[in-house]
Amino acid sequence: MGKINPRELRERTISILQEKGGRSDLEDITKKTPINLYKAFKIKDSFDIANLDSILKKDFKNPVISLYLKFSGDNTYRTDKIYLTQFNSLMKEEIKNKKQYLKNLNTEQKESVRKDLKDIEAFLIKLKDVTKEKFKSLIIFKSEKNLNIIITTLTDLYIKNKLVIDPNPYIVPIIETLKAHGTYLMLQVEPKQAIFYINQLNKIKKIKKVKIKGGFQKINIKAAGVPGKSQRDRRNQIHLFYKEIANNLDEFIYQKQYKGLFILGNKQNLKNIQNYLSYEANKILLSKIVTSPETTLKEIREKVDKHIQVKEKEEEKNALKALTRELNKGNAVQGIEAVIEAQNRFLCREIFLSENSIKPGYSCIQHNFLSLNKGKCPFCKNELTPISNLFEEIAEISRKYHIPTHIIKHFKKRARKFGGAAAILYPLDLE
Ligand SMILES: [Zn+2]
């Protein structure tokens, strides 16, 4: 067997580590993709992010543009258009990075890239007129008329600004972020119907409605002479209604892992449904929230979000406890320098990053090589490119390799103690 050079080995390792089997039972969301960004923006709140992975398996005729833009800090589009400057520099950078790839495209594909970039820019210029929403991040996937997806979120996602031109959409940062945040199931019980919703990144989407079954009226007329029959039928009807809701609930829980369940309704409905909840449903039940017909969606969102924050805080605490245990055993490292070194060698099993840590550094994007200092990539010998924040870069790379990444938001003091970055490592003593 011939000797493999380090660069070849690195590239092979990268391709193995990035692979991950996807789900095959996904609905193809590109079948009903809007024809342009304005239409995509209109349906963004009803867009099914739960099925986002489905675009990974799709082959696109033309290249796909993926754009991640943050709107926090100074970059609020309400006041100025810093994001336009950012879009332009991300675009220039990507065109430079993908010089060879772009050169090899056919005329139609080249034209498609040119047009898509122009369309995105035009859309960003008009964004202020299109909406008054104060979202924190904007994500676009575009390939002419074949793919137009816009996702906005009100929470800061800790995904670095990026523009990618590729044969496939660059969805891994958002997919991994969704996974880390988790999906919550919401059930609203009303006297005559029950509605199921899913909640991802506090975006709420209706998934099913169960209605109380009618048809008991006729029996009641027939049974008019029998005392108590009508009342029994009514009870039977309500019993069947709750049984059906509970069956649907179990089916949803069985199909997918939900991080938590919220049940909403008036006091009586909440009391009734409690008697029908299975062990599994009770296990993930986070809260029962009393609502009235006057309760707005905004109020529901806020109440639910409060509980999600508590849950996230608890998870963060447990993750940090595990980190401390592993640090004590010598199975983990702390500090940006040690984490970079471990990541450069693909040794990280779980990564912890403080939300607002910033440190500039250098990288080779192609070989996922990071460095605190200027220099050359050990694999391709090219000069390393300056990057604005190593912490964000670590998050980006770890998501690419499906490494669980904890962004520490609640326990910042603890995070400062380990220098803003820490990692649990794979064992090195394998035989
Ligand atoms: Zn390199």
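Derivation of every value follows stated rules applied to the coordinates shown; laboratory data play no part. The structure displayed is predicted, hence computed values, not measured ones. Positions of Cβ are generated from backbone atoms using ideal geometry, with glycine treated the same way; all protein chains shown enter the neighbour counts.
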**OP:** Starting from the Cα of E315, step 7 Å along the direction of its Cβ; do the same at Y101; then give the gap between the two resulting points in nm.
**Re:** 3.0 nm
Subject >> Estimated FRET transfer efficiency when R0 is 30 angstrom, pair K192-D305 (beta carbons, to 0.05) >> reply: 0.60
Original post:
Helix-derived [θ] at 222 nm for the chain: sum -39500 (n - 2.57) over DSSP H runs of at least 4, divide by residue count, nearest 500?
Top reply: -13500 deg cm²/dmol
**OP:** Report the charge-dipole magnitude of the chain in Debye, nearest 20, computed about the Cα centre from +1 at each Lys and Arg Cβ and -1 at each Asp and Glu Cβ.
**Re:** 1200 debye
Original post:
Listed highest first by mean packing, meaning other Cβ atoms within 10 Å per residue, what order do 230-236, 384-390 come in?
Top reply: 384-390, 230-236
**OP:** Please work out the FRET efficiency for the pair D156 and N88, using the Cβ-Cβ distance as r and a Förster radius of 22 Å; give the result to the nearest 0.05.
**Re:** 0.45
**OP:** Quick one: of K118/K145; K145/K400; K162/K413; K134/K209; K57/K92, which pairs are farther than 20 Å apart, Cα to Cα?
**Re:** K145/K400; K162/K413; K134/K209; K57/K92
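For each pair in K128/K313; K259/K317; K42/K267; K39/K132; K96/K132, compute the distance between the two Cα atoms and list the pairs where it is over 25 Å.
Those over the limit are K128/K313; K42/K267; K96/K132.
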Subject >> Debye log10 I(q)/I(0) for the range 296-411, one point scatterer per Cα, at q = 0.13 Å⁻¹ >> reply: -0.59
Original post:
Which of these, L249, L297, L127, has the largest mean-square fluctuation under a Gaussian network model of the chain (Cα springs below 10 Å)?
Top reply: L297
Original post:
Put a dot 7 Å past each Cα toward the Cβ at L240 and N202; how far apart are the dots in nm?
Top reply: 4.2 nm
Original post:
So what's the projected area for the chain, the Cα convex hull averaged over all directions, in nm²?
Top reply: 27.4 nm²
Original post:
If you take the square roots of the eigenvalues of the alpha-carbon gyration tensor of the range 118-162 and sort them as a ≥ b ≥ c, do you get rounded (a/c under 1.5), prolate (a/b over b/c) or oblate?
Top reply: oblate
Original post:
Between K329 and Y279, what is the label-to-label distance in nm when each label sits 7 Å out along the Cα-to-Cβ direction?
Top reply: 2.9 nm
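What is the order of F196, F135, F241, fewest Cβ neighbours within 10 Å to most?
Ascending number of Cβ neighbours within 10 Å: F135, F196, F241.
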